[in-house]
Amino acid sequence: MSQGSPVRVFYDLDPARAFLLRRRHPEGVTLPPAVQQKIRDVFGTDLTATDVVQRIIADVRSSGDAALRYYTRALDGLTLEQFAVTEEEFVRAQPQVPEPVRQALALARDRIESFHRRQLRQSWLHFEPVGGFGQIVRPLERVGVYAPAGRAPYPSSLLMAAVPAQVAGVEEIVVCAPPSPDGSVAPVILVAAELAGIDRVFKVGGAQAIAAMAYGTESIPRVDKIVGPGNIFVVLAKRLVYGEVAIDQLPGPTETLLIADASADPALCAADMLAQAEHDPLASAILLTTDARLAREVVVQLERQLARLERASIAAESLASNGAVVVVPDLETAFELANAYGPEHLCLLLQEPWTYLDRVRHAGGVFVGESSPEVIGDYTAGPSHVMPTGQTARFSSPINVDTFVKVISVVAVNPRGLETLGPPAATLARAEGLTAHAAAIEQRLERRRPA
């Protein structure tokens, strides 16, 4: 890191590449001392995060609501007899949320719905001489949404997960949200749920919420898929219940990578980096630029703007631990590094950004041009902001309509098709040593031959 700089500045590509491409597994995260002490208090011994989650899942699976009550009391300090949010609580939440916030949430919901309706795909059948073939596209029956509320409640994340599910045609959506210290769910979460047409919200957070949705309890129904971001315990729980239910992804700390040339405004580059860094000390804000002057000016702007932030300590820790400004020789190198990194958010602050869109291979979302800050994507652009992190953009996608549908293949071979496709199928079956497979075809062919 440069002396006195709030962020690492790299002029040499080799150490920059090593820093960007280091792997960060959730199991490797060091838990804060207060969390470690809480684990000792609740479990009577030192445990890793994975150990904690395994115990919670096993208890919820075997004891249902009783386990939820125990962990809500032990971890949240709350005694709850029922977990479902009542209609009265929904009603009380409405006036507690300022009207401008309600209107903004309604606009976001409409934008998310409009965007995802363009993605809907239909079942199809194709008929050819040998028969009919196709796919039936069916929505999942029940989906569980985890609505995080760590440093603050995130109603936008609820909308970003629930609205695409509704567009896909999911029959039932249930939400689990951590309870506030007074035993309620944050009013803004309930307003967002109501705007999304969801009326089943449960006051359960953490790994116990994931276990409840995966296995079902007396209060909380078992779902087919669990979606939504959360803390390390939520992410590990999703990993451990995968297979019992489907999951969307294993979201880690949030990431933004900016590619900028000499035309970029250093103040806006810094603002975009800080908008990411203020999320979490583990968040990553990266700038790749071809212009050394811009790199220097961005560092100055980071220092200047940090001093004005309410969450300055969080942003400063994020920049110091995970942030970077990298000077690259050309844009080709910048895109090569960006594709290797596979960021959640890729921002193109370039003079001609559209000409580089085809260079992007791995990213959760691309934000094209200086007037498209990633923050707009967090709220009102339309695509879901629940995006792949930790290099998983190499093989996964943001939450979208396809997250909530499954495909059933349709095969309708006609008699002519049996004559055409059957013999080679039987040949392949015998080549694999599956003679009963072959016989199932050959018996049908023999019945069609004249006596």
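The values are calculated or read from the model by the stated rules, or taken from the named source; none is laboratory data. Just so it is clear, the model here is predicted, and its values are computed rather than measured. Quick reminder, even Gly has a Cβ in these numbers, built from the backbone with ideal geometry, and neighbours come from all protein chains shown.
Observations on the model:
- All helices (runs of 4 or more DSSP H) inside region 261-348 with 3 or more residues being over 21 Å from residue 398 (Cβ atoms) and of a type in the set (Lys, Arg): 292-306
- Output for region 59-95, where each listed residue is out of contact with any Leu (no Cβ under 9 Å at 6 or more places or on another chain) and of a type in the set (S, T, N, Q): 62, 63, 79, 82, 86
- Region 18-35 - residue that is out of contact with any Pro (no Cβ under 8 Å at 6 or more places or on another chain) and surrounded by 14 or more Cβ atoms within 10 Å (Cβ to Cβ) and, of those, modelled with the lowest pLDDT: 26
- Sole residue being farther than 20 Å from residue 218 by Cβ, polar (S, T, N, Q) and not assigned by TED's automatic domain parsing to the domain that holds residue 155, chosen from 122, 37, 103, 96: 37
- Residues in region 186-202 that are small (Gly, Ala, Ser) and surrounded by fewer than 22 Cβ atoms within 10 Å (Cβ to Cβ) were compared, and the one that is nearest to residue 103 (Cα to Cα) is 197.
- As for region 137-160, it holds at least one residue that is over 21 Å from the mean Cα position of the chain (by Cα), in the same structural domain as residue 192 (by TED's automatic domain parsing) and either within 22 Å of residue 399 (Cα to Cα) or crowded, with 22+ Cβ neighbours inside 10 Å (or both).
- Selection count, region 336-381, where residues are on the phi > 0 side of the Ramachandran plot and more than 19 Å from the chain's Cα centre (by Cα): 1
- Residue within region 100-123 that is surrounded by 14 or more Cβ atoms within 10 Å (Cβ to Cβ) and over 25 Å from the mean Cα position of the chain (by Cα) present: no
- Some residue of region 49-59 being under 30 Å from residue 223 (Cβ atoms), touching a residue at least 24 places away in the same chain (Cβ under 8 Å) and among the basic types (Lys, Arg): no
- The single condition among (1) touching an Asp or Glu at 6+ places or on another chain (Cβ under 9 Å); (2) modelled with pLDDT of 95 or more; (3) of a type in the set (Ser, Thr, Tyr) that residue 379 does not meet is (1).
- Neighbours by Cβ (under 7 Å, 6+ apart or cross-chain): first from region 176-198, assigned by TED's automatic domain parsing to the domain that holds residue 95 and in contact (Cβ under 8 Å) with a residue 12 or more places away in the chain; second crowded, with 19+ Cβ neighbours inside 10 Å and acidic (Asp, Glu): 179/76
- Any hit, region 198-211, residues being under 22 Å from residue 107 (Cα atoms) and within 18 Å of the chain's Cα centre (by Cα): no
- Of all residues in region 282-320, those that are out of contact with any helix residue (DSSP H, G or I) (no Cβ under 9 Å at 6 or more places or on another chain) and among the hydroxyl-bearing types (Ser, Thr, Tyr) total 1.
- When every residue of region 402-415 is checked against the conditions, at least one turns out to be surrounded by fewer than 19 Cβ atoms within 10 Å (Cβ to Cβ), free of Cβ contacts under 8 Å to residues at least 40 places away in the same chain and farther than 30 Å from residue 335 by Cα.
- Residue 115 being hydrophobic (A, V, I, L, M, F, W, C), more than 23 Å from residue 379 (Cα to Cα) and assigned by TED's automatic domain parsing to the domain that holds residue 224: no
- Lone qualifier among 169, 206, 183 - being small (Gly, Ala, Ser), farther than 15 Å from residue 85 by Cα and surrounded by fewer than 20 Cβ atoms within 10 Å (Cβ to Cβ): 169
- Residue within region 100-108 that is part of a loop (DSSP other than H, G, I, E, B), polar (S, T, N, Q), free of Cβ contacts under 8 Å to residues at least 60 places away in the same chain and farther than 23 Å from residue 254 by Cα present: no
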